[in-house]
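Have a look at the structure below, then the notes.
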Amino acid sequence: MKKIIYVFVFLLAVSFSAEAQRKGKKVSIEKQVERTLKKMSADLELSTAQQNEIRPLLAIQIADRNEMVKNRKDLKDSGEKPSREQMQKMRTERQHKIAEMNKKMKSILSKSQYVAFEKMQKERKEKNKKRNNN
């Protein structure tokens, strides 16, 4: 039964993603948060209380990510290349935000949920690395 639910949630997420890409419109932060929270809830079996604690963290994380992408796009469009110091500063800020998010998630999730969360992060990182290398 769980597998059926996981498959259904996955297909639902894929269909939402495909629909957003077809329309060429950007998905709002709230929709991104809800989609991410649904996936996390299914994968980590989050309680309602945990979902309510994680929701604002995801909103902040997604807003920061969107801002970072916009800044990188603006920098690319201007034709400027960031200096090594700027790149190091951006990398350090990103790593700090990731560490902060992981610390907060560790306080919210149980040990087994946090282990599964770390596994999800590693898989996503490998998938992104593979996609960027191709």
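With 10 angstrom as the radius, rank SER41, SER47 by how many other C-beta atoms surround their C-beta, starting from the fewest.
Numbers: SER41 16, SER47 13.
Fewest to most other Cβ atoms nearby, the residues stand as SER47, SER41.
Taking 7 Å along the Cα-to-C-beta vector as the label spot, tell me the GLN51-ARG84 distance in nanometres, rounded to one decimal.
4.9
Please give the FRET efficiency for LYS119 paired with GLU30, using the beta carbon to beta carbon distance and R0 = 22 Å, rounded to the nearest 0.05.
Computed FRET efficiency for LYS119 and GLU30: 0.25.
Return the equivalent ellipsoid semi-axes of the range 55-134 as a descending list in whole Å, where each equals the square root of 5 times an eigenvalue of the C-alpha gyration tensor.
Value: 28, 16, 12 Å, ordered largest first.
Could you name the aspartates and glutamates in cross-link range of LYS119, using Cα to Cα under 14 Å and dropping any fewer than eight places away on the same chain?
ASP43
From the backbone phi of the range 77-84, what are the Karplus-calculated ³J(HN,Hα) couplings (6.51 cos²θ - 1.76 cosθ + 1.60, θ = phi - 60°) in whole Hz, Gly and Pro given as x?
Taking θ as phi minus 60°, the curve returns 5, 6, x, 7, 10, x, 6, 4 Hz for the range 77-84.
Using the Karplus curve 6.51 cos²θ - 1.76 cosθ + 1.60 with θ = phi - 60°, work out ³J(HN,Hα) for each residue of the range 93-103 in order, rounded to whole Hz, and write x for Gly and Pro.
Using θ = phi - 60°, the values come out as 4, 5, 5, 5, 5, 5, 5, 5, 5, 5, 4 Hz.
Every read-out reported here was derived from the displayed coordinates using simple, explicitly stated rules and does not represent laboratory data. Just so you know, these numbers come straight off a predicted model, no measurement behind them. We place every Cβ from the backbone using ideal geometry, glycine too, and count neighbours over all the protein chains shown.
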